[in-house]
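Engineer: Can you keep this structure in mind? I'll have questions shortly.
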Amino acid sequence: MTTLSTLRAGPDPRTVRRAVRVVAALALLVIVYAAASSMIESSGGRPLDTTSAAPGGTRALAALIRERGVEVAPTNDPAEAASGPGTAGGTIVVAYPERATPEALNRLGAAVGRGTDVVLLEPDTAVLATLHLPVTTTGGVPPAAPAPACRLPEAVTAQAATLGGGTGLRITRPGASGVTACYPVRSTPTLVVVDLPGPTRAGAQPGRLVLVGSADFMTNKHLDEQGNAALAIGLLSRHRVLSWAIPQPGGSDSVAAQRGLGDLLPDRVLLACLQLAIATVVLALWRGRRMGPPVSEQLAVVVRAAETVEGRGRLYAAAQARELAAAVLRAGLRARLAKRLRLPTQTRSAEPDPTALVASVAGRTGRSPVEIGSLLYGSDMTGQTPTNGLMIPVDGATTEDHKLVELADQLDTVDRQVTLG
């Protein structure tokens, strides 16, 4: 007796549970990382923080500057530092300038015109574009301790400094007045000073904007190397007041929040994606190569015909493809009968002539041509898959399954009758 079985559609429950566990583990890692980062920042261990004694902090630099009579005032608001009392003729350092708002950056630019020195540590392209400077970034540069290669007094005094390993800077308008490029690494400057014209107080020094590609030379870890301390002190102690601003991350109106996902990715990520794409194409060409037409090969193992039929039937059952299953049963029987009755097949469809096949089978079995045609072709004598291949009203899955079993039995009966007749 022929039976039909069904398979459960969708992913296996074990696969679903495994995926849920992986997602939960990743979510837990993200939460732990966020909590750890928050604890580190709240404990005063933030990088470039003037109160942090960690290797990435700047507590040692702040102490050296205070010894020279300069007041160091930490703050989290660059706009407040740019517009506060005593800013004219002072110095403002902004770490992570991409966290600042465009309004705060514009205030910093205006403060430079009033005689204030503004030092931006590791600015990105968006920050430089907001300030409308003739400078842009060129991506990362290798670690190095280059010579100044410029006439900036602070750089001439300090000589070599470890400014490599950060972001390179490029002058977009070569020969622009008031722009000094220093410390080139492979011909790429890593420190640029821009003098912005503006009114200054009588006897006061004009303000300037200092762009630093890498702030490592200011940190506790590297301050005692090369001429790092001399360069940092020279840049930050020109005035009696130093405001050190570290904007809080996550501001919805910051420059970083206005950038797209592509702007947030490092330059090397795009290059790595391109390399992976090329490698994938090469791998596909290698694995998918074809030196000639397909050839038949012996199976590595012996597969019983019953297993093949059962596996194919399970696929049809899982897809609920009853019409296609009925069409396959009919097509298989037509091919066997045409071979057994030695009927020629048509060139285009590789099918026997329907009229000749029905007449021959009707003559061998003693049945009417109408009945044989209905069994072998359903409602269509062209050999194509009929609209309702079972020729039954669709009353539900159970009715269709029984009709499909009945059709298979009838086709087997015709096959036996032709064989024995």
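The values are calculated or read from the model by the stated rules, or taken from the named source; none is laboratory data. Predicted, not measured: the structure shown is a model, and the values here were computed from it. Methodologically, a virtual Cβ is constructed for each residue, glycine included, from the backbone with ideal geometry; neighbour enumeration extends over all protein chains shown. To get the accessible areas, we keep the full protein, side chains included, count just its heavy atoms, and leave off ligands, DNA and RNA. Shrake-Rupley method; radii C 1.70, N 1.55, O 1.52, S 1.80 Å.
Engineer: With respect to residue 56, determine if the residue is at pLDDT 90 or above, open to solvent by 10 Å² or more (accessible area, probe 1.4 Å) and assigned to a loop (DSSP other than H, G, I, E, B).
Structural biologist: yes
Engineer: Here are 207, 203: which of them is at pLDDT below 95 and on the phi > 0 side of the Ramachandran plot?
Structural biologist: Checking each option against the conditions leaves just 203.
Engineer: Shifting gears a bit: Name every residue in segment 136-187 that is open to solvent by less than 30 Å² (accessible area, probe 1.4 Å), of a type in the set (S, T, N, Q) and more than 16 Å from residue 120 (Cβ to Cβ), in order of residue number.
Structural biologist: Listed by number, the list holds a single entry, 162.
Engineer: I'm trying to understand the selection: among the residues of segment 155-188, which are farther than 22 Å from residue 134 by Cα and over 37 Å from the mean Cα position of the chain (by Cα)?
Structural biologist: 156, 157, 158, 159, 160, listed by residue number.
Engineer: Mind checking which residues of segment 125-157 are in a strand (DSSP E or B) and at positive phi? Full working, then the answer.
Structural biologist: So in segment 125-157, the residues in a strand (DSSP E or B) come out as 135-140.
If the condition is that a residue be in a strand (DSSP E or B) and at positive phi, then 139 is the only one that fits.
Engineer: Hey, can you tell me all the residues within segment 221-237 that are farther than 20 Å from residue 90 by Cβ and in contact (Cβ under 8 Å) with a residue 12 or more places away in the chain?
Structural biologist: 221, 222, 223, 225, 226, 227, 228, 229, 230 - these are the residues of segment 221-237 that are farther than 20 Å from residue 90 by Cβ and in contact (Cβ under 8 Å) with a residue 12 or more places away in the chain.
Engineer: Another question about this same structure. Looking at segment 343-359 only, could you name the residues that are open to solvent by 40 Å² or more (accessible area, probe 1.4 Å), in a loop (DSSP other than H, G, I, E, B) and either among the polar types (S, T, N, Q) or in contact with a Pro (Cβ under 8 Å, 6 or more places away or on another chain) (or both)?
Structural biologist: If the condition is that a residue be open to solvent by 40 Å² or more (accessible area, probe 1.4 Å), in a loop (DSSP other than H, G, I, E, B) and either among the polar types (S, T, N, Q) or in contact with a Pro (Cβ under 8 Å, 6 or more places away or on another chain) (or both), then 344, 346, 347, 349, 353 are the ones that fit.
Engineer: Of the conditions (1) among the small types (Gly, Ala, Ser); (2) outside any strand (DSSP E or B); (3) in contact with a Ser or Thr (Cβ under 7 Å, 6 or more places away or on another chain); (4) surrounded by fewer than 21 Cβ atoms within 10 Å (Cβ to Cβ), residue 111 clears all except one; give me its number.
Structural biologist: (4)
Engineer: Report, by residue number, each residue of segment 316-342 that is part of a helix (DSSP H, G or I), over 27 Å from residue 361 (Cα atoms) and either touching a Cys at 6+ places or on another chain (Cβ under 9 Å) or in contact (Cβ under 8 Å) with a residue 60 or more places away in the chain (or both).
Structural biologist: Those that are part of a helix (DSSP H, G or I), over 27 Å from residue 361 (Cα atoms) and either touching a Cys at 6+ places or on another chain (Cβ under 9 Å) or in contact (Cβ under 8 Å) with a residue 60 or more places away in the chain (or both): 317, 318.
Engineer: Just checking, does segment 100-108 include any residue being over 35 Å from the mean Cα position of the chain (by Cα), modelled with pLDDT of 90 or more and surrounded by fewer than 22 Cβ atoms within 10 Å (Cβ to Cβ)?
Structural biologist: Yes, the conditions are met somewhere in segment 100-108.
Engineer: In segment 320-327, is there at least one residue being touching an Asp or Glu at 6+ places or on another chain (Cβ under 6 Å), closer than 19 Å to residue 408 by Cβ and either charged (D, E, K, R) or at pLDDT below 90 (or both)?
Structural biologist: yes
Engineer: Something else now. Out of all the residues in segment 228-236, is one or more assigned to a loop (DSSP other than H, G, I, E, B) and either at pLDDT 85 or above or open to solvent by 10 Å² or more (accessible area, probe 1.4 Å) (or both)?
Structural biologist: Our first condition is that a residue be assigned to a loop (DSSP other than H, G, I, E, B); within segment 228-236, this holds for none.
Within segment 228-236 (the criterion being assigned to a loop (DSSP other than H, G, I, E, B) and either at pLDDT 85 or above or open to solvent by 10 Å² or more (accessible area, probe 1.4 Å) (or both)), the answer is no, since none of the residues qualifies.
Engineer: Restricting to segment 237-257, and then to whatever is modelled with pLDDT of 90 or more and among the hydroxyl-bearing types (Ser, Thr, Tyr), can you tell me which residue is nearest to residue 48 (Cα to Cα)?
Structural biologist: Among those residues, the one meeting the criterion is 243.
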